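*Asks:* Let me begin by handing over the structure; questions about it come next.
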Amino acid sequence: MNLAIGKPTVRKALSAHAAIGLLAGAFLYLVCLTGTLIVFYEEWQRVEQPSAPEMAAVAPDVVQKAATNVLDAEKGKPRTTHLFVHLPVKALPRLTVTTDSQAFHIDRNGAIAGPEENSWSEFLLSLHYELNLPAIVGMTLVGILGVMIVALSISGVIAHPRIFRDAFRLRARGIGGAGLADWHNRLGVWTLPFALAIALTGAMIGLANIAGFGLATAFYNGDIEAAYAPIFGAEAEPDSTPAGIPDTAAALRHMVSDFPGVEPYYVIIHDPLTAGQHVQVIAHHPRRLIFGESYFFDAAGRFQGKAGLSDGETGQQFAASVYKLHFGNYAGLPVKIAYFLLGLALTTVVATGTSIWLGKRQRRGLDNFRLRNAWHGVVWGIPLVLAATFLARLILGNGAPLITIFWGLAALILGLSVALPAYLRLRPMLIVALTVASLLSIATPLILHLLRA
């Protein structure tokens, strides 16, 4: 009996292998591109809803009044488990209160000004953070993609011994062949520290759920909150007995008097209107990478302690520093612009890397024009579809079905690209033009906002 695998079967297996590689490349491209755009997460919210009231700062009593008004608006709804108050900061000078079911902008007097409407910003963040999938599944996949970028970065350096010596030798005579490879290699070298930092921190954030689940299972009888408590602080014991509104104003006044060097930007009321409620104030520490320190208060506004993210164990401080390093929101607009440009370069490295790989397959006689067309559809299609979702948000309003529009149009473009006959292959310059035009259509409102700010 002859068990040899026939050549047609081998070719099909190779095509399947290539398709899997292409799928991984598509998700890498998507995560890198959305990560580049989400650097301006706060600014996108201001672009989406320019009429929301803004202020440089608010008094503690205004925050207290805002919390009271929103909790009053919750009457008749299932009891919210948390109430989140975003305090005005330079990047997003707005007072916003969020419950489990709704969110409101607040004016400078503490009155409800209207609903928060930033669905495109949240859609973009979710797309980058978890691919619009259930959190644990999506974040794990994104974390794995971060590991892949680390592996690709290191293996790329090892595979090209002259890569650093040739860092400033660019044969940019075209966007194909040697020119494409040079752009890929040069941008790869110039963005290597950035790529490693972003990929490592992204992998840590994405795989934290799996790590936390493993720790909880092994050491805390499956209690996820208990597993995270040594880093971020423990939740108080719940007590559902009805109670009045906690004194957030007293907590904020304590922050001003006892911690004058920090900048509170977030207040969380845990289990509001119950006897077990308590207040958490998160504050920036200037010139630190930590996302903030958590200060805990009881319902009367008496200080109970802090988590230790600013001065606790080294591991705590390291864990708290991952987020700002990944998202680039630690030193104002100049660093955000640098992250945006470096993110575009990293996205280009991913796009050109897959194109180079497909070119090598073609030169070895393994060309599959449908795979090539599919990749071209990914490169120009994802920016175009993102632009379409942004336009849909502007035309249809905050309730536009952005997830459906994105994945539906993406599938349509990919399907049409695969179905195109070989002679209708898009020229490289047209692909570049479509990609740049789509990105510019998204970025123009943001640029205009930054120029006015």
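The values are calculated or read from the model by the stated rules, or taken from the named source; none is laboratory data. Since we're looking at a predicted model, the values are computed, not measured. All Cβ positions, glycine included, derive from the backbone under ideal geometry; neighbour counts span all protein chains shown. Please note that ligands, DNA and RNA were not included when accessible areas were found on the heavy atoms of the full protein model with its side chains. Shrake-Rupley method; radii C 1.70, N 1.55, O 1.52, S 1.80 Å.
*Asks:* What is the ratio of the Cα radius of gyration of segment 296-453 to 2.2 N^0.38 Å, where N is its residue count, to two decimals? Walk me through the numbers on the way to the answer.
*Replies:* Details: Rg = 22.2 Å, N = 158, 2.2 N^0.38 = 15.1 Å.
That works out to 1.48 for segment 296-453.
*Asks:* Set Lys and Arg Cβ to +1 and Asp and Glu Cβ to -1, take the dipole of segment 209-289 about its Cα centre, and tell me which of Asn209, Gln277, Ala243 lies farthest positive.
*Replies:* Result: Asn209.
*Asks:* Let me ask something additional. Hey, got a sec? Which trypsin sites (Lys or Arg not before Pro) in segment 271-362 land in a DSSP loop and have at most 11 other Cβ atoms within 10 Å?
*Replies:* Numbers: sites: Arg287, Arg288, Arg302, Lys306, Lys324, Lys336, Lys360, Arg361; in loops: Arg287, Arg288, Arg302.
Counting only loop positions with at most 11 other Cβ atoms within 10 Å, the trypsin sites (Lys or Arg not before Pro) in segment 271-362 are Arg287.
*Asks:* Also, I was wondering about something else. Hey, what does the equivalent ellipsoid look like for segment 227-307, semi-axes from the Cα gyration tensor as sqrt of 5 times each eigenvalue, largest first, whole Å? Intermediate results must be reported in sequence, preceding the final value.
*Replies:* Values: eigenvalues 101, 49, 15 Å².
Its equivalent ellipsoid spans semi-axes of 22, 16, 9 Å.
*Asks:* Report, please, the projected area of the chain averaged over directions, based on the convex hull of its C-alpha atoms, in nm².
*Replies:* On the way: hull surface 109.9 nm².
The number I arrive at for the chain is 27.5 nm².
*Asks:* Between Ile337, His376, Ala410, whose Cα lies farthest towards the positive end of the dipole of segment 327-435 when Lys and Arg beta carbons carry +1 and Asp and Glu beta carbons carry -1, centred on the Cα centre?
*Replies:* My answer, from the dipole projection, is His376.
*Asks:* How would Arg46, Arg108 line up by accessible area, probe 1.4 Å, largest first? Before the final figure, lay out the partial values.
*Replies:* Working: Arg46 45, Arg108 145 Å².
Per-residue accessible area, sorted high to low, gives Arg108, Arg46.
*Asks:* Same structure, new question: Can you pull the accessible area of Met204 for me, 1.4 Å probe, Å² to the nearest 10?
*Replies:* 80
*Asks:* Can you sort Phe232, Phe327 by 1.4 Å-probe accessible area, starting with the largest? All intermediate terms of the calculation are to be shown ahead of the outcome.
*Replies:* Details: Phe232 60, Phe327 35 Å².
The residues order as Phe232, Phe327, largest area first.
*Asks:* Would you mind calculating the gained length between Thr444 and Val418 on full extension (0.36 nm times residue separation, minus the Cα-Cα distance), in nm to one decimal?
*Replies:* Details: separation 26, 0.36 × 26 = 9.36 nm, distance 3.11 nm.
Contour length minus the Cα-Cα distance gives 6.3 nm.
*Asks:* At 0.36 nm per residue, minus the direct Cα-Cα distance, what do Met429 and Ser101 gain on full extension? Give it in nm, one decimal, please.
*Replies:* On the way: separation 328, 0.36 × 328 = 118.08 nm, distance 4.69 nm.
Using 0.36 nm per residue and subtracting the Cα-Cα distance, I get 113.4 nm.
*Asks:* What are the residues whose amide H is under 5 Å from the amide H of Gln304, where those residues sit 5 or more places off or on another chain and H is modelled from the backbone?
*Replies:* Long-range HN contacts for Gln304: Phe296, Phe297, Asp298.
*Asks:* A further question follows. Under the rule of at least 5 residues apart or a separate chain, name every residue whose amide H is placed under 5 Å from the amide H of Gly114.
*Replies:* Excluding prolines and chain starts, which carry no amide H, the hits are His105.
*Asks:* So, one more: Ordered by residue, what ³J(HN,Hα) values in Hz, to whole numbers, does segment 304-311 give under the Karplus form 6.51 cos²θ - 1.76 cosθ + 1.60, where θ = phi - 60° and Gly and Pro are x?
*Replies:* 10, x, 9, 6, x, 5, 8, 9
*Asks:* From largest accessible area down, sort His254, His128; use a 1.4 Å probe on the protein chains. Please report the intermediate quantities before stating the final value.
*Replies:* Working: His254 45, His128 15 Å².
My answer, sorted largest first, is His254, His128.
*Asks:* Where does the charge balance sit around Thr99 when Lys and Arg score +1, Asp and Glu -1, over other residues with C-beta under 10 Å from its C-beta? Please report the intermediate quantities before stating the final value.
*Replies:* Details: positive: Lys77, Arg79; negative: Glu74, Asp100.
Result for the local shell: 0.
*Asks:* Solvent-accessible area of Leu23, probe 1.4 Å, all protein chains present, reported in Å² to the nearest ten, please.
*Replies:* Using a 1.4 Å probe on the heavy atoms, I get roughly 100 Å².
*Asks:* With charges only on Cβ, +1 for K and R and -1 for D and E, what is the dipole size of the chain about its Cα centre, in debye, rounded to 20? Spell out each step's value before the answer.
*Replies:* Values: 34 positive and 29 negative charges, 648 e Å.
Result for the chain is approximately 3120 debye, rounded to the nearest 20.
*Asks:* Collect residues whose amide H, placed 1.01 Å from N in the peptide plane, falls under 5 Å from the amide H of His278; neighbours closer than 5 in sequence don't count.
*Replies:* For His278, whose amide H was placed from the backbone, the distant partners under 5 Å are His270.
*Asks:* Could I ask something else about it? How large is ³J(HN,Hα), in whole Hz, for each residue of segment 133-145 in order, when computed from phi with the Karplus curve 6.51 cos²θ - 1.76 cosθ + 1.60 and θ = phi - 60°, using x for Gly and Pro?
*Replies:* Working through the residues one at a time gives 9, x, 3, 5, 6, x, 5, 5, 4, 5, x, 5, 5 Hz.
*Asks:* OK, next. Among Ile158, Gly261, Ser101, which residue has its Cα furthest toward the positive end of the charge dipole of the chain, with +1 on Lys/Arg Cβ and -1 on Asp/Glu Cβ?
*Replies:* Ile158
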